[in-house]
């Protein structure tokens, strides 16, 4: 039989797989329309999109550790604020804002490396090792910020600064003064989207390389990887460095979006990352590795828009942000279980009717 006779058959197992990207794109378009409708009719500020994009790489970092490596890592709670603190201090000292993104990634990767070394060489459970690291990371962040709890970036050049004035002038000239307030938000959305897209494309490409395939296999079946002579410990180190490097990069984006670095900026960021991962998986149902990476990033955007919608709908004060975040996270974590129970109930009802 010719080699491609099976794959060209409409009844083959490969035929449904070819339709999956179209279904994914369709779900993605539906989610985009729903999010746009929420923002249009419920008064949600478009600034939530920029914030979601700034934090989106945290969702990807959690995907790498929890889904690919299957490693219970909480280090992102430490890598995120350290990346932001390093970024802020470098910008204040006159370093190029674009260069700080790379430095923040490397600092975050170093944080992940420390967790990996504690786990592998001292044989400490991964969860406990990451808790030890984020505990020490608090002090390191304070040292980086020279014992200050907050470092403002007022008047400093960030990656957004070169585009804010031209975009503001263009919007006011073509759409009136009403767009003046939204100009900075639009710049944040475009710039952060470009950065995130470049990172996601590179990460997707990497996951299809020989090293990336070995990394994915190490999380799925570590014994098989060892049987082929691959050092499983090196894969753990690589994955933790990559994930926490992305968290550090996300911290640098968040700092430049907020306009300041704070020592408590990463508090609870791991929970938000898990919520973003679950939201993306439930709504978009990704199949390929590229779709899974994109879903984790989009899940964070949906999370931030949902939180902003709760504030707008209930007219809550900003002091309730922790409670609202907890409720949104709880909804995201509970949604998959509720959907499964609803599907089971429907199946039982159909059987009883039959």
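Distance between the modelled labels on residue 40 and residue 201, one decimal in nanometres: 2.9 nm (7 Å Cα→Cβ projection). Does segment 143-234 classify as rounded, prolate or oblate by the C-alpha gyration tensor (a ≥ b ≥ c root eigenvalues; a/c under 1.5 gives rounded; else a/b over b/c gives prolate, otherwise oblate)? Note, shape of segment 143-234 comes out oblate.
Tell me whether the chain comes out rounded, prolate or oblate; compute the Cα gyration tensor, take square roots of the eigenvalues as a ≥ b ≥ c, and use a/c under 1.5 as the rounded threshold. Note, shape of the chain comes out oblate. Helix-only arithmetic for the chain: the sum of -39500 (n - 2.57) across DSSP H runs with n ≥ 4, divided by the residue total, places the mean residue ellipticity at 222 nm at -25500 deg cm²/dmol. For segment 110-231, what does the relative contact order come out to in percent, with C-alpha contacts under 8 Å and a separation of six or more? Here the relative contact order equals 11 percent.
So if each residue of separation counts as 0.36 nm, and I subtract the Cα-Cα distance between residue 122 and residue 194, what length gain in nm does that give?
21.9 nm
What is the calculated FRET efficiency for residue 316 to residue 353, with r their C-beta to C-beta distance and R₀ = 45 Å, to the nearest 0.05? Efficiency at R0 = 45 Å is approximately 0.55.
Go through 120-128, 108-116 and give me the packing order, highest mean Cβ count within 10 Å leading.
So the peptides 120-128, 108-116, ranked by packing, come out 108-116, 120-128.
Calculated FRET efficiency, residue 288 and residue 231, Cβ-Cβ r, R0 22 Å, to nearest 0.05?
0.25
If R0 equals 45 Å, the separation of the Cβ atoms of residue 346 and residue 95 corresponds to a calculated FRET efficiency of about 0.20. How high is the relative contact order of the chain, in percent, counting Cα pairs under 8 Å that sit 6 or more residues apart? Over the chain, the number comes to 32 percent. Centre-to-centre, using Cα atoms only, segment 168-204 and segment 78-111 are separated by 22 Å. Taking the average, over residues, of other Cβ atoms within 10 Å as the packing measure, peptides 204-215, 61-72, 284-295 rank 61-72, 284-295, 204-215 from highest down.
From least to most packed, judged by other beta carbons within 10 angstrom and beginning with the fewest, 31, 196 follow the order 31, 196.
With each label modelled as a point 7 angstrom along the Cα→C-beta vector, the residue 135-residue 30 pair spans 4.6 nm.
Read-outs throughout are calculated quantities, based only on the coordinates presented, and are distinct from any laboratory measurement. The shown structure was predicted, so the numbers you read here are calculated from the model rather than taken from an experiment. Backbone-built Cβ (ideal geometry, glycine too); neighbour counts: all protein chains shown.
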